[in-house]
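A.B. asks: Please read through the structure below; I'll follow up with questions.
The values are calculated or read from the model by the stated rules, or taken from the named source; none is laboratory data. As the structure is a prediction and not an experimental result, all values here were calculated from the model. Virtual Cβ from ideal backbone geometry, glycine too; neighbours counted across all protein chains shown.
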Amino acid sequence: MDLKRLKQNLSDAGCGNETSEGVIRMCEAGDMEGALRMMRKDRCRLMDELHESGRKVDCMDFLIRATERVMKQADQ
């Protein structure tokens, strides 16, 4: 495995230094199971962030629709 490319990909995926360095160390030591476990844990963190962002977008959509309704009523 190309460790330089792995480190860049981890960075591109939003992994912090601690996670990236941990995964790299595990790969260098041949602990691929540990590296995979750490990457999966960080993936879960990213999914949590994605879901939280989705909830925020839903709230913003609600506010936009409510504001549009108020504006439409004001025009009548």
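A.B. asks: Would you call residue 19 assigned to a helix (DSSP H, G or I), hydroxyl-bearing (Ser, Thr, Tyr) and more than 22 Å from the chain's Cα centre (by Cα)?
C.D. replies: In short, no.
A.B. asks: For residues in the range 4-34 being over 17 Å from residue 45 (Cβ atoms) and either in contact with an Asp or Glu (Cβ under 7 Å, 6 or more places away or on another chain) or surrounded by fewer than 10 Cβ atoms within 10 Å (Cβ to Cβ) (or both), which is modelled with the lowest pLDDT?
C.D. replies: Checking each candidate, the answer is 4.
A.B. asks: Since residue 1 meets every condition but one in (1) outside any helix (DSSP H, G or I); (2) surrounded by 11 or more Cβ atoms within 10 Å (Cβ to Cβ), which condition does it not meet?
C.D. replies: Among (1) outside any helix (DSSP H, G or I); (2) surrounded by 11 or more Cβ atoms within 10 Å (Cβ to Cβ), residue 1 violates only (2).
A.B. asks: May I ask you to list the residues in the range 33-76 that are under 22 Å from the mean Cα position of the chain (by Cα) and among the hydrophobic types (A, V, I, L, M, F, W, C)?
C.D. replies: 35, 36, 38, 39, 44, 46, 47, 50, 57, 59, 60, listed by residue number.
A.B. asks: Scanning for something touching a helix residue (DSSP H, G or I) at 6+ places or on another chain (Cβ under 8 Å) and of a type in the set (Asp, Glu), does the range 34-57 turn up at least one residue?
C.D. replies: Checked against the condition, which is being touching a helix residue (DSSP H, G or I) at 6+ places or on another chain (Cβ under 8 Å) and of a type in the set (Asp, Glu), the range 34-57 yields at least one hit.
A.B. asks: Would you check if residue 72 is modelled with pLDDT under 95 and at negative phi?
C.D. replies: The answer is yes for residue 72.
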